[in-house]
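None of the figures in this text is laboratory data; all of them are computed from the coordinates on show. Everything numeric here is computed off the predicted structure, so don't read it as measured data. Don't worry about glycine lacking a Cβ; one is built from the backbone with ideal geometry, like all the others, and counts go over all protein chains shown.
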Amino acid sequence: GCINISPCWFQQGHEDGFMPEVSATLKGDRSLSVIQDMQRPGLISSAALRVMHPQLYRASISTHIELGNWAAKQGLDDMCRFLQHWTSVYTGAAIMCNRKSPSHRDPKCPPEGFDILTCIGGYGHGVMQLTNLGIELAYDPGVMVSYSGRLVRHGVQVAEGDRS
């Protein structure tokens, strides 16, 4: 399965004239706790982006600040509070559990955007395939991989783990 977590999010299926809101996963009693638990990985992924793509990092910081200002002006108190605690320069995180992923591209991602993927959990012998680049990487817990999801065809194979 997949869980999407975002302090400021456009829901799927809404293309025009729709205001962002807090993702459904952050609309419960433990919302701030979830964000706080994600702070360290958020900082690590932000630092990685700062090194890999400084221009995108700066643009992401500017977007984060503008979203916070916009949320405050709109009176969206939860969104404003969550943005204050959100440490990642990315505006969302997708957590995919027990997942093998066939090789694919992400056509709705901007080509200049970088995704950062990190493997966590009880898996071993995972392989990240960057098919059109001819690259296979060990994708075991603790590994962080970054690429343009639109330009790079990618997939994951897991030989053993919690549920492979």
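Listed values, structure above:
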| quantity | calculated |
| --- | --- |
| Cα-based radius of gyration of region 1-91 once divided by 2.2 N^0.38 Å, which approximates compact folds | 1.09 |
| Alpha-carbon gyration tensor eigenvalues x 5, square-rooted, for region 40-115, Å | 25, 16, 13 |
| Where Rh is the Kirkwood radius over Cα pairs, Rg/Rh for the chain | 0.97 |
| Inter-probe distance in nm under a simple model that places probes 7 Å from Cα toward Cβ, at L43 and A72 | 2.3 |
| Computed E for A159/M96 - FRET, C-beta separation, R0 22 angstrom, nearest 0.05 | 0.80 |
| Kirkwood Rh and Cα Rg combined as Rg over Rh, evaluated for region 77-138 | 1.03 |
| Normalised contact order of the chain, rounded percent, pairs of Cα under 8 Å and 6 or more residues apart | 23 |
| Distance (nanometres) between label positions extended 7 Å along Cα→Cβ at M19 and L32 | 2.3 |
| Degrees separating the helix 39-52 axis from the principal Cα axis of the chain, which is the longest one | 70 |
| Relative contact order, percent, region 94-164 [alpha-carbon distance under 8 Å, six or more residues apart] | 45 |
